[in-house]
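Novice: Quick one: structure below, then a few questions.
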Amino acid sequence: MAVSRAARRPAVTVAMTVYNQAPYVVQAVRSVLRQTYRNLELIVVDDASRDGTASLLRSIHDPRLRLVLSQRNAGKARRMNQMLRLARGRYLLEVDGDDWLSPHAVAVLVSRMSRLPFSVGLIYGDRRYHIQTRGGPRPAMVRPGPTFRSKIEFLRHPRVGGPRFYRVAALRKVGGWPTNYPSGGRLAEDLALMLKLVEHYDFQRVPQVLYNIRRHGRNTTRRFAGRFPRVTSYLVGRARRQAGLPLRLRSTKKGKAAGRFVRRGMALGARRSAARGIRIALTPRRAAAARKGVAARRAAPSGPAASSGT
């Protein structure tokens, strides 16, 4: 008996764009292919890597894997739009080539999205952060996904959740990932898309840890840390103008706490690893600061004399 084309069509398209991620990409791909939910396809676009990433990808054999190799680097947003055009699933899940999924992530996301009204175009879970060391990734913190009660609340305190699980129809309705802003879709493409989606759809958080983020010295957010504030300010300012909101909003405890939560958690993980004698695979400046802090605490005098006044 022949199987219809609709029956063969995957329900979920997992989209992964990679660039020079040879040390981590195999784990990322395997975390998708080993999901408990099997009715999926994985599209991987190699964005002109130069470190052997493409060779590693070619060594993975699975009928659900669709590999696209590019000779020209175009940036993440353009590659995500390329995969959106190729997607056959009803849903699209975004995974980075240096991160990995929890084994049940796709099953949980499909189950939740299938019960939600079409007005919800994006759902996401909670994320566990890991610091990459010579001995492998070490857990540092869990960051819950943000919750928003309205479009205005999102524009006041825009935060990006993950893993991001979209309705493909919603992505196509808004035209996919924007590229018409500073960086051309190479930075803050996740925020740019959410600012576009929130005009038409609601977001919802799934309160489970479904995604693992690896922090290392080559993360895009670290390599371009000086450019991110300018790009995000432009995107948020443009969205607020379109919504008729003031460009500068009053700071609130909620907005300040979001930034402090991440910074303190990552710093704590780095200090703990340094205290154990682990060499941190972060930027040299951050690694040196962590070691300096440990050395200073060890050299400080102990006992009542250390805290008593004159």
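Bear in mind that the values in this text are calculations on the coordinates, not laboratory data. Just so it is clear, the structure is predicted and the values come from calculations on it, not from any experiment. Ideal geometry is used to build each Cβ from the backbone, glycine not excepted, and the neighbour counts take in all protein chains shown.
Novice: Under the definition of Cα pairs under 8 Å and six or more residues apart, what whole-number percent is the relative contact order of the range 1-107? Write down the numbers at each step before the final one.
Specialist: Details: 194 pairs, mean separation 47.4, N = 107.
Once normalised by length, the contact order is 44 percent.
Novice: What share of the DSSP beta bridges in the range 9-250 is antiparallel, in percent to the nearest 5? Working shown, then result.
Specialist: Details: 14 of 41 bridges.
Within the range 9-250, antiparallel bridges account for around 35 percent of the total.
Novice: Right, next: How big is the dipole moment of the range 9-250 about its Cα centre under a simple scheme where the beta carbon of each Lys and Arg is +1, that of each Asp and Glu is -1, and everything else is neutral? Debye, nearest 20, please.
Specialist: On the way: 45 positive and 15 negative charges, 100 e Å.
The dipole magnitude comes to about 480 debye.
Novice: Among T36, T17, rank each residue by its count of other Cβ atoms within 10 Å, from fewest to most, as a rough exposure measure. Kindly include the intermediate steps, with their values, before the conclusion.
Specialist: Numbers: T36 11, T17 26.
Least crowded to most crowded, the residues run T36, T17.
Novice: Taking each pair of different alpha-carbon atoms in the range 9-250 once, compute 1/r for the pair, average those values, and report the inverse of that mean as the Kirkwood hydrodynamic radius in Å to one decimal. Please list the in-between numbers first.
Specialist: Numbers: mean 1/r = 0.0546 Å⁻¹.
18.3 Å is the Kirkwood radius here.
Novice: Also, I was wondering about something else. With +1 on each Lys and Arg Cβ and -1 on each Asp and Glu Cβ, and nothing else charged, work out how big the dipole of the range 2-89 is about its Cα centre, in Debye to the nearest 20. Present the calculation step by step, with values, prior to reporting the outcome.
Specialist: Values: 16 positive and 5 negative charges, 70 e Å.
Roughly 340 debye for the range 2-89.
Novice: Any idea how far apart H200 and T220 come out in nm if each label point goes 7 Å out from Cα toward Cβ?
Specialist: 2.2 nm
Novice: Cα convex hull of the range 79-119: how many Å³ per residue?
Specialist: 96 Å³
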